[in-house]
Amino acid sequence: MVRIAKPEDAERINELRRQVNELHVSGRPNHFKAGFGEALRKHVYMYLTDGIGYAAVDEEEGQIIGMVMVDYIDRPESPYRYAERFAHIAEICVDEKHRRQGVGKRLLDFVKADAKAKGFSRIELDVWAFNDALAFYEAEGYTVFRRFLELRLDE
């Protein structure tokens, strides 16, 4: 069952976020810092209490097995862009013991229903090239609309 997270869920959400952080540190150690310090642990409260979006969790038999953190983006029109409102998936994680069991799909379906109910034009997320989740997102209908490229000069 997916539900909006509560402040008392923060510790378990951070356990899942630690898994995501470790994946990123492993995949891109020159970019992401190892460890999961206090600033990272406190970051979740922006989604639990500050109203910038929300955190949701998938719970099974009273245990949180997945989470998603979503930003609400409201960009005004500018000289080069039209105004737009959309949801941005900032972080998503399914506990490594519960992957490939439909948890991620339930979380994405929850985000989609919320975004539609709020009248958003789209949902956006970004994924690092080393992350195997790309195939999952594509299977769920997400498509590439922008690419970031780099030329490494320090290797």
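Could you identify the single residue in Arg75, Arg81, Arg85 that is within 21 Å of Asp114 (Cα to Cα) and over 19 Å from the mean Cα position of the chain (by Cα)? Full working, then the answer.
Values: Arg81 fails: within 21 Å of Asp114 (Cα to Cα); Arg85 fails: over 19 Å from the mean Cα position of the chain (by Cα).
The unique qualifying residue is Arg75.
Could you please let me know if Glu8 is outside any loop (DSSP other than H, G, I, E, B), more than 19 Å from Val127 (Cα to Cα) and among the acidic types (Asp, Glu)?
On the way: outside any loop (DSSP other than H, G, I, E, B): yes; more than 19 Å from Val127 (Cα to Cα): yes; among the acidic types (Asp, Glu): yes.
In short, yes.
Against the definition (over 17 Å from the mean Cα position of the chain (by Cα), on the phi < 0 side of the Ramachandran plot and at pLDDT 95 or above), how does Gln63 come out, yes or no? Write out each step before concluding.
On the way: over 17 Å from the mean Cα position of the chain (by Cα): yes; on the phi < 0 side of the Ramachandran plot: yes; at pLDDT 95 or above: yes.
Judged against the criteria, Gln63 is a match.
Considering each residue of region 24-70, count those that are part of a strand (DSSP E or B) and surrounded by 13 or more Cβ atoms within 10 Å (Cβ to Cβ), and give that number.
Within region 24-70, the first condition is being part of a strand (DSSP E or B), and the residues that meet it are 53-60, 63-70.
Within this subset, residues satisfying the condition of being surrounded by 13 or more Cβ atoms within 10 Å (Cβ to Cβ) are 53-60, 64-70.
Qualifying residue count, region 24-70: 15.
Kindly indicate whether Ile73 is in contact with a helix residue (DSSP H, G or I) (Cβ under 8 Å, 6 or more places away or on another chain) and either more than 15 Å from Arg17 (Cα to Cα) or of a type outside the set (Lys, Arg) (or both).
no
Can you spot a residue in region 69-78 that is in contact (Cβ under 8 Å) with a residue 40 or more places away in the chain, over 23 Å from Gly27 (Cα atoms) and of a type in the set (Ser, Thr, Tyr)?
Yes, region 69-78 contains a residue that is in contact (Cβ under 8 Å) with a residue 40 or more places away in the chain, over 23 Å from Gly27 (Cα atoms) and of a type in the set (Ser, Thr, Tyr).
For region 108-123, which positions are within 15 Å of the chain's Cα centre (by Cα) and either surrounded by 18 or more Cβ atoms within 10 Å (Cβ to Cβ) or β-branched (Val, Ile, Thr) (or both)?
Those that are within 15 Å of the chain's Cα centre (by Cα) and either surrounded by 18 or more Cβ atoms within 10 Å (Cβ to Cβ) or β-branched (Val, Ile, Thr) (or both): Leu108, Phe110, Val111, Asp114, Ala115, Ile123.
Exactly one condition in (1) more than 25 Å from Ile64 (Cβ to Cβ); (2) of a type outside the set (D, E, K, R); (3) out of contact with any strand residue (DSSP E or B) (no Cβ under 9 Å at 6 or more places or on another chain) is not met by Phe86; state its number.
Only one criterion is unmet by Phe86, namely (3).
Can you confirm whether Ile64 is in contact (Cβ under 8 Å) with a residue 40 or more places away in the chain and out of contact with any Phe, Trp or Tyr (no Cβ under 8 Å at 6 or more places or on another chain)? If you could, list the steps in order and put the result at the bottom.
Working: in contact (Cβ under 8 Å) with a residue 40 or more places away in the chain: yes; out of contact with any Phe, Trp or Tyr (no Cβ under 8 Å at 6 or more places or on another chain): yes.
Answer is yes for this residue.
The values are calculated or read from the model by the stated rules, or taken from the named source; none is laboratory data. Everything numeric in this text was worked out from a predicted model, so none of it was measured. Note: ideal-geometry Cβ built from the backbone for every residue, glycine included; neighbour counts use all protein chains shown.
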